[in-house]
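Remarks on the structure that follows.
What follows is calculated from the coordinates using simple rules that are stated; it is not laboratory data. Given the structure is predicted, the values throughout are model-derived calculations rather than measurements. Don't worry about glycine lacking a Cβ; one is built from the backbone with ideal geometry, like all the others, and counts go over all protein chains shown.
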Amino acid sequence: MSFEILSNLKSPKQLRGFSDANLNKLSSEIREALLSIVSDRAAHFASNLGVVELCIALHQVYDFSVDRLIWDTGHQIYPHKLITGRFDQFQTIRRRGGLMGYPNPLESEYDLFVTGHAGSSVSTVLGMKAADDLLFTDGRKSVAVIGDGALPSGIVFEAMNNAAGLNKDLLVILNDNKMGICPRVGGVASYLDKARVAPFYNGLKRDVSWLLNRVPLVGESTEKMLSGFKDAVKSFLHGGMLFEEMGFR
């Protein structure tokens, strides 16, 4: 396979000018590049295949030369490295003197922090956001991507609790892929299992919201009323929702 797009991608800022067809081709090229390295070395494969489109979408929406992006643990960093202009060096990944298999600030301005320990992403972006606010850096966004295997870490909930108390504007993306190096256990695992059992309901809720917001004059107000009613019923039946009570929706 020829890497027509990847070989010419020097900055993620180029993605904003891509057509849907080119974005789809880019995702295919990234997966092919991932396949090319796993045949002759130990590498994190499934975790990287699962975030290709997510990584493309994040870099298309945000400017991470300014905004903050932290990948929890860091083992799913390969698509990010490809998108941020390191395709020419990609065959050296996890080789002596080559690219690191985790984020490395010495490689790129887009790698902010050498992660590696599961669960550290939320506290890291919270600290960065707090520092940005102290420096009056307006408009800089902070994003953490964390998997369901790392989410039950105590430091994650400490960070989410502090983020709610400090009223910091963070985006925490849960990559709920039911994958981990060991089985998930405990109350958080059970909570996530229950949260994902109704894909039809979640899809219907999204579609109804989209439709109502396009009805002239009354659509938006109707959608807000239904949303408030839904939250009230949900709170009455089930009590507070874990993440929403900490300000994360």
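For the pair Asn8 and Glu107, label points projected 7 Å from Cα toward Cβ lie 2.5 nm apart. Of all chymotrypsin sites (Phe, Trp or Tyr not before Pro) in the stretch 72-148, which ones are in loop regions per DSSP and have a Cβ with at most 16 other Cβ atoms within 10 Å? Passing sites in the stretch 72-148 are Phe136.
Which of the three applies to the stretch 16-63, rounded, prolate or oblate, going by the alpha-carbon gyration tensor with a ≥ b ≥ c and a/c under 1.5 meaning rounded? Because a/c hits 1.5 or more and a/b exceeds b/c, the stretch 16-63 counts as prolate.
Can you compute the modelled spin-label distance between Arg140 and Ala43, with each label point 7 Å from Cα toward Cβ, in nm? Going by the 7 Å Cα→Cβ label model, 3.2 nm. The eigenvalues of the Cα gyration tensor, multiplied by 5 and square-rooted, give the stretch 1-159 an equivalent ellipsoid with semi-axes of 26, 19, 14 Å from largest to smallest.
Between Asn24 and Phe157, the simple label model (points 7 Å from Cα in the Cβ direction) yields a spacing of 4.3 nm.
Listed cross-link partners Lys10/Lys168; Lys25/Lys81; Lys25/Lys129; Lys13/Lys81; Lys10/Lys129; Lys25/Lys141 are compared with a 24 Å cut-off, the Cα-Cα value being larger for Lys10/Lys168; Lys25/Lys129; Lys10/Lys129; Lys25/Lys141.
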